[in-house]
Amino acid sequence: MDKKWILVIEDDLDLLKGIAEILKRKNFTPVTANNYKEATLKLKKQKFNCIVTDLKLTAGSSSEAESGASLVEYIRSQIKDENHSTPIFVISGNIDNEAVARLKGKIQGALVKPFTVDELVEKIKAIAA
């Protein structure tokens, strides 16, 4: 089985570590970032099979311009390498339907926290090429 590289961006460090551990146990290779800036640096260095991002990033973000939604916009408009078309789905404790609607066509779905391990893994399996 080829390695499936998954970029996980989440500002809750406990949740980020938990998601990474779950993905490792399910034979994925997670790479983690806990803010917008860290995520953009990792996106420039490596190709991913799937990107999972918190919709409302706060850690290390100084403004609304560094939210998960803005990160999706950045990936789709500024990243010109293989990650430009990488499947993305968002996770959030409170799905902002307006934000999700603005991202229509740019993301492959959304999960509301709390979600089950099975929901997360099935979503990744369905979209990770």
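The values are calculated or read from the model by the stated rules, or taken from the named source; none is laboratory data. None of the values given here were measured: they were computed from a predicted structure. Note that we place each Cβ from the backbone using ideal geometry, even for glycine, and neighbour counts take in every protein chain shown.
A compact table of results
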quantity	calculated
Selected residue (only one of Asn27, Asn49 is modelled with pLDDT of 85 or more, closer than 22 Å to Gly109 by Cβ and exposed (fewer than 12 other Cβ atoms within 10 Å of the Cβ))	Asn27
Counted residues, the stretch 93-129 - those being closer than 14 Å to Lys56 by Cβ, at pLDDT 85 or above and not β-branched (Val, Ile, Thr)	4
Cross-chain or 6+ apart pairs with Cβ under 6 Å, the stretch 66-79 first and surrounded by fewer than 20 Cβ atoms within 10 Å (Cβ to Cβ), then modelled with pLDDT under 85	none
Answer residue from the stretch 1-24, given it is modelled with pLDDT of 90 or more and charged (D, E, K, R) and is surrounded by the most Cβ atoms within 10 Å (Cβ to Cβ) among those	Glu10
